[in-house]
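Enquirer: I'd like to ask some things about the structure below.
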């Protein structure tokens, strides 16, 4: 069963001057953990606002739980949970009051659905009498998730829940999502962190309002067209400049400890010639090895391919 | 050897009975790219505010760009640059107006502002956009311009607080090219980030946990020391046991 369906949706702002979404189509299956992966300005938030019936759009069709987002606003709002990117709880209510408020407006109670939020809520319960505005970043995030869940939604929309959060808290958050998935809640989550893509069942890579690719993370990686190599030397910034000037190099990007390189003709002879010419330039401690592409490699490749991207 | 760009000894900041930053002792060399990492709430912002002359320490010593963090905060402010994801440029001014504004604040002459401003616009290829409001530009452009403006007055040190958050992967790499250029010109770069691949681009990294610096070394030495493959693992190893989880 399809829980979220988006067909050729376009959305512009400022009387058509800014195109936020350009004929976007995708589907999310019931119980699926689906990720929208892309930088700020890609169109992720517009998409969330359309699906949660908060804004209009120019063309196309969209439905959630088979309800039309243009016609069945109230039905959709009853059945979905939404955690916006910006913290949007009541700052001057306490932790407990916020949760109670959201339970009440959905005609339910904390007790009725406590099992669903228990695991997350116990972590912030010691601070239940604290005003939400006084909470730390990570605790706000947990409270917002509890409030989005307290009416037992069938579909959960999470807009950049881990932005600005450190690695440890990000890992914890994804563990929570995995456990929610076991409750058969359909989850649509967005993130600018490419490494988090691997934790979703399927992902859409989105940039400039267009979806560049949709598949499982493994599927997207398997579509990377070239053999990829990691290369490093004692002088990494000079190595990168030299690689980008080489004719036999197709692409060269910095990726932390190693630069990632693909070759025009990826055979071992060409690899040796590349290493020789780099040595001739005086680069020391050269090391080159085949590596597996990451989602970020795929994203960069698709950006350059689809937009002839030099990007700014 | 040249005087370090930053030198601290037992630098401490207390708020009431809460010690936000405790006994920080480290040096950053001129031209070094220094990664300042830590979990949310570890005390990074507190430490950075002291180094920028915005918050007076409770105890300990620190010297930034040759100036004392207790007595010479105004000198410090004039000799550093600063940008963050949250604050970079004025959205309702044009690119040119922002350059003029910040150049003026940092005491550049009109001629310097004109010369350096047009060099900046040239370098970033923004000739056509220079009269556009900054608010109308894509985030990646804004961040690159903000960085260039933060080093327009040739500061000794530039402080970057999560400068690349939310920026697309291609632009993120172009941003680091700008950082390398600044470092080549002798500008010291003090940077925080949540992207662990970016931690690898730093000459050295410090890791703060619960207000203290728990590790400080080059990325490769840190990985060796903890016997792990990536900076992500180093971070996880050190921050996992943190008692304070947030800011």
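The values are calculated or read from the model by the stated rules, or taken from the named source; none is laboratory data. Everything numeric in this text was worked out from a predicted model, so none of it was measured. With ideal geometry, Cβ positions are generated from the backbone for all residues, glycine too; neighbour counts draw on all protein chains shown.
Enquirer: Out of all the residues in the range B:138-162, which are more than 13 Å from every other protein chain (Cβ to nearest Cβ) and not in a helix (DSSP H, G or I)?
Expert: B:151, B:152, B:153, B:154, B:155, B:156, B:157, B:158, B:159, B:160 - these are the residues of the range B:138-162 that are more than 13 Å from every other protein chain (Cβ to nearest Cβ) and not in a helix (DSSP H, G or I).
Enquirer: At least 3 residues that are at pLDDT 95 or above in each: list the helices (runs of 4 or more DSSP H) lying fully within the range A:20-137 that qualify.
Expert: Numbers: elements: A:44-51, A:73-79, A:95-105, A:114-124.
Fully inside the range A:20-137 and qualifying: A:44-51, A:73-79, A:95-105.
Enquirer: Residue B:177 versus (1) surrounded by fewer than 24 Cβ atoms within 10 Å (Cβ to Cβ); (2) in contact (Cβ under 8 Å) with a residue 40 or more places away in the chain: which is the lone unmet condition?
Expert: It fails just one condition, (2).
Enquirer: Now, a different point. Just checking, how many residues over the range A:190-205 are within 12 Å of another protein chain (Cβ to nearest Cβ) and either free of Cβ contacts under 8 Å to residues at least 24 places away in the same chain or outside any helix (DSSP H, G or I) (or both)?
Expert: So the count comes out to 5.
Enquirer: Let me ask something else. Filtering the range B:232-243 down to residues that are crowded, with 17+ Cβ neighbours inside 10 Å and either within 7 Å of chain A (Cβ to nearest Cβ) or not in a helix (DSSP H, G or I) (or both), which residue is modelled with the highest pLDDT?
Expert: Top of the filtered list is B:235.
Enquirer: Out of curiosity, is residue B:170 within 10 Å of another protein chain (Cβ to nearest Cβ) and either at pLDDT 95 or above or in contact with a helix residue (DSSP H, G or I) (Cβ under 9 Å, 6 or more places away or on another chain) (or both)?
Expert: When the stated conditions are applied, residue B:170 passes them.
Enquirer: Okay, moving on. Is the range A:206-217 home to any residue that is closer than 22 Å to residue A:258 by Cβ, away from chain B (no Cβ under 14 Å) and buried (at least 17 other Cβ atoms within 10 Å of the Cβ)? Steps first, please.
Expert: Filtering the range A:206-217 down to residues closer than 22 Å to residue A:258 by Cβ leaves A:217.
Filter once more, so that each one left must be away from chain B (no Cβ under 14 Å): A:217.
Narrowing the set further to residues that are buried (at least 17 other Cβ atoms within 10 Å of the Cβ) leaves A:217.
Checking the range A:206-217: at least one residue is closer than 22 Å to residue A:258 by Cβ, away from chain B (no Cβ under 14 Å) and buried (at least 17 other Cβ atoms within 10 Å of the Cβ).
Enquirer: Under 7 Å between Cβ atoms, which residue pairs at least 6 apart in sequence (or on different chains) link something in the range A:23-36 that is in contact (Cβ under 8 Å) with a residue 60 or more places away in the chain with a partner that is crowded, with 21+ Cβ neighbours inside 10 Å and part of a loop (DSSP other than H, G, I, E, B)?
Expert: Hits for this filter: A:33/A:200; A:34/A:200; A:35/A:200.
Enquirer: Quick one: in the range A:302-312, of everything that is more than 10 Å from chain B (Cβ to nearest Cβ) and either crowded, with 23+ Cβ neighbours inside 10 Å or part of a helix (DSSP H, G or I) (or both), which residue is modelled with the lowest pLDDT?
Expert: Here the residue is A:306.
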